[in-house]
Structures are given as C-alpha cells and as structure tokens.
Amino acid sequence: MIWVEILSRQREVAARFRVVASEVRIGRGYDNDVVIDDPYVAAKHLRVYRHDDGHLVAEDVGSANGTFLDGNRTRLSTFTVDGKQPIRIGQTYLHIRDVNHEVERERLAPTGRHALPIALTIALALVLVGIDALKIWLTQTGEARLSAYLTPLLTVASALLVWVGLWALLCRIFDGRAHFLRNLLIALIGTVAFSVFNEFALYAAYAWNWPDGVTYGYVAAWLSFAGLCFFHLREVGRKRLWLKGAAVALLMAGGIAFTTLQQSEAASDFGRAKTAHWLLPPMLRAVPLKDEDAFFKDIGNLKARLDSDRSQAQPADARL
C-alpha cells in the first residue's frame, strides 16, 4: 500500500490517495493511478515502485519539465523516497509515503488558548487609548470637548481595523485562515510601541531640550512600519522568511533615505529645523529657562558671528 498526497502552496495536504499496489503511476493522463490536474505535468510523469530492500523508489519516466525535490534545482531521474521532503513535478508538490510512515505525536489541546491573546489585545488597546487621551488632555488650550477625544480615537481605531482586515484577508487567501486576532495583536504592539516612543520624544524635546527624537522620528516610524509588515507577512506564510525580511528591509531603507532627502531639501530651502507642534504644560519643563541677561548675551554672540560671516563673504572688488 502506498499513499500519495497532493500539497498546497503552504505544503499542507490538499488531497490524499491510497493505492493498494506495489507500483504507482502519477501523471496527467487518465490511465495513471493518481491523476494530476497540472498543465506542466506530463501525461506519464512519475513511477513509484518498491525496491528489493523495501524502500520506495521514484522514477521520472521521461517528462519534459523533470522531477525535483523541494528546494533543490537538480533534476532527478531515479531517487529513493523518504516521505518527508516534498517532491515537485510541474508546479505540483507531492508527498509519497509508505503505509508504515511514522507520524508525529498528537498535540495536546491547550485549555483557554484564546484567553491570553484576548486579554493582551484588550490591555494594549486600553494603553493606546490612554496614551492618546493623555496627550489630548495635556495639549488642550481651550474648552474641553468630547469630540476632541472621540475624533482621533475613532480615526486610529478605523485605520487599525482596515489595516488588520487587509492582512487577515491575505492570510485567508494564502494560508486558508484569517488569523484576525494575531494580526490585530501585531498591529496593536507596533502602534503602542511607536506611540510610546513618539510621546517620549516630544517630552524629551520640550523638557530637556533633546530634539533628536523629534528630528529623526521618521526613522522610528519606518522601523515600526517595517516590523509590522514583516510579522504580518509571517502570518500570511512561514515559507521564505529571509526573502520577506530582505524585501521589508529594502523598503525600510528606501523609505528612510527618501524621507531624509526630503527633510534635507526642506531645511535647505526654508532654513527651519523641525520643531514640536504640541504645547505642553510649563510644569513638565525639566531644564530651567535662561535668564534675560544670558539670552541677550547669546544674541550678541550670534550677531557677532553673522557680521563676521558677512564680511568674509563679500567679493574682493567690493572691499576695495
């Protein structure tokens, strides 16, 4: 008895055939034991038989496109079947296994497996709402209105649901399962991490005169975006993660380079450094303000440097 399994793109079993014979013929023709509906498979493509030592042997019977092991580009004519590594004929992947093929032990079904992810998702959502609400409260300069709190929160929630819904749809198409909760958890972790960094950068710029976090905040934004994309792609499929990581890293590097160029050109054109756009309460200021004398002293030093630069920049004939 020989089992032939047709695999999906994710190398999961899509169909399984049992052949009660010592030899199996696989191909696109209807005179085969297992018929493969693949235009790249020959009418008579593969023959599987049992060797004298008891092992299963696969033989390509003269196909144009050949027979390969998964991940190997070497064309094979005759080889021993181990039952573990998928076999590719045309664009179809197969498992050929003996009746005595050893399977993995059954998995233990966890109790309450969704309780922890759901609790973590709710906790992260509350943290995100708290961060946004605290930011709105600290930066309010007018009368408190409910719409000032609800509008940004609903905007963020809508954007997250659309983002997660798109990735869940891709997971459903390519993996067969939506993984909505996992994708939502990934999106919340990335959003909360970037929100915490962004708020800390704004506070550091205001309280301690450290503007680097605000100036280079776009780097953190691209890092967060790249991390989200990679982990979402990982949920879509676990195959070729190195290729997905390389594509995401290339996208991130290109985005950072383009944004850096934009900011450099903007600073060259307008001569203005990026500043924070939020007014924070004076009580959050950690560095004491300079007194009036120190301020005018700095202005005097700046004026002296400017006058020196102007005199050096004059043409030679103008000085004559």
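For the subset of the range 122-143 comprising residues that are of a type in the set (S, T, N, Q) and over 33 Å from the mean Cα position of the chain (by Cα), which member is modelled with the lowest pLDDT?
The initial filter retains those residues of the range 122-143 that are of a type in the set (S, T, N, Q), namely 139-141.
So of that shortlist, the ones also over 33 Å from the mean Cα position of the chain (by Cα) come out as 140-141.
On the way: GLN140: 75, THR141: 71.
Only one residue fits best here, namely THR141.
List the number of the failed condition for LEU228; all other conditions in (1) crowded, with 16+ Cβ neighbours inside 10 Å; (2) in contact (Cβ under 8 Å) with a residue 40 or more places away in the chain; (3) over 10 Å from the mean Cα position of the chain (by Cα) hold.
If we test LEU228 against (1) crowded, with 16+ Cβ neighbours inside 10 Å; (2) in contact (Cβ under 8 Å) with a residue 40 or more places away in the chain; (3) over 10 Å from the mean Cα position of the chain (by Cα), just (3) comes out false.
For (1) modelled with pLDDT under 85; (2) closer than 16 Å to GLU5 by Cα; (3) among the charged types (D, E, K, R); (4) open to solvent by less than 40 Å² (accessible area, probe 1.4 Å), each residue gets a yes or a no:
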residue: HIS45; (1), (2), (3), (4): no, yes, no, yes
residue: VAL48; (1), (2), (3), (4): no, yes, no, yes
residue: LYS84; (1), (2), (3), (4): no, yes, yes, no
residue: THR92; (1), (2), (3), (4): no, yes, no, yes
residue: HIS114; (1), (2), (3), (4): yes, no, no, no
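Looking at (1) open to solvent by 80 Å² or more (accessible area, probe 1.4 Å); (2) not in a helix (DSSP H, G or I), find the lone condition where ALA178 falls short.
That leaves (1) as the condition not met.
Looking at the structure I just gave you, is GLU104 out of contact with any Pro (no Cβ under 7 Å at 6 or more places or on another chain), open to solvent by 20 Å² or more (accessible area, probe 1.4 Å) and modelled with pLDDT of 90 or more?
no
Which of the residues spanning the range 54-80 are open to solvent by less than 20 Å² (accessible area, probe 1.4 Å) and outside any strand (DSSP E or B)?
SER63, GLY66
Just checking, does the range 144-157 include any residue being under 21 Å from the mean Cα position of the chain (by Cα) and at negative phi?
Within the range 144-157, one or more residues are under 21 Å from the mean Cα position of the chain (by Cα) and at negative phi.
Restricting to the range 140-171, give me the number of residues that are in contact (Cβ under 8 Å) with a residue 40 or more places away in the chain, closer than 28 Å to GLY227 by Cα and either of a type in the set (Gly, Ala, Ser) or assigned to a loop (DSSP other than H, G, I, E, B) (or both).
0
Out of the residues in the range 188-217 meeting the condition of being touching a residue at least 24 places away in the same chain (Cβ under 8 Å) and open to solvent by less than 30 Å² (accessible area, probe 1.4 Å), tell me which one is nearest to GLY245 (Cα to Cα).
Among residues in the range 188-217 that are touching a residue at least 24 places away in the same chain (Cβ under 8 Å) and open to solvent by less than 30 Å² (accessible area, probe 1.4 Å), the one nearest to GLY245 (Cα to Cα) is GLY190.
So MET1 passes all but one of these: (1) among the aliphatic types (A, V, I, L, M); (2) open to solvent by 70 Å² or more (accessible area, probe 1.4 Å); (3) without any contact (Cβ under 8 Å) to a residue 12 or more places away in the chain. Which condition number does it fail?
With respect to (1) among the aliphatic types (A, V, I, L, M); (2) open to solvent by 70 Å² or more (accessible area, probe 1.4 Å); (3) without any contact (Cβ under 8 Å) to a residue 12 or more places away in the chain, MET1 is out only on (3).
The values are calculated or read from the model by the stated rules, or taken from the named source; none is laboratory data. As the structure is a computational prediction, the values presented were derived from the model and not from experiment. Note: ideal-geometry Cβ built from the backbone for every residue, glycine included; neighbour counts use all protein chains shown. For accessibility, only protein heavy atoms count, side chains too; no ligands or nucleic acids. Shrake-Rupley method; radii C 1.70, N 1.55, O 1.52, S 1.80 Å.
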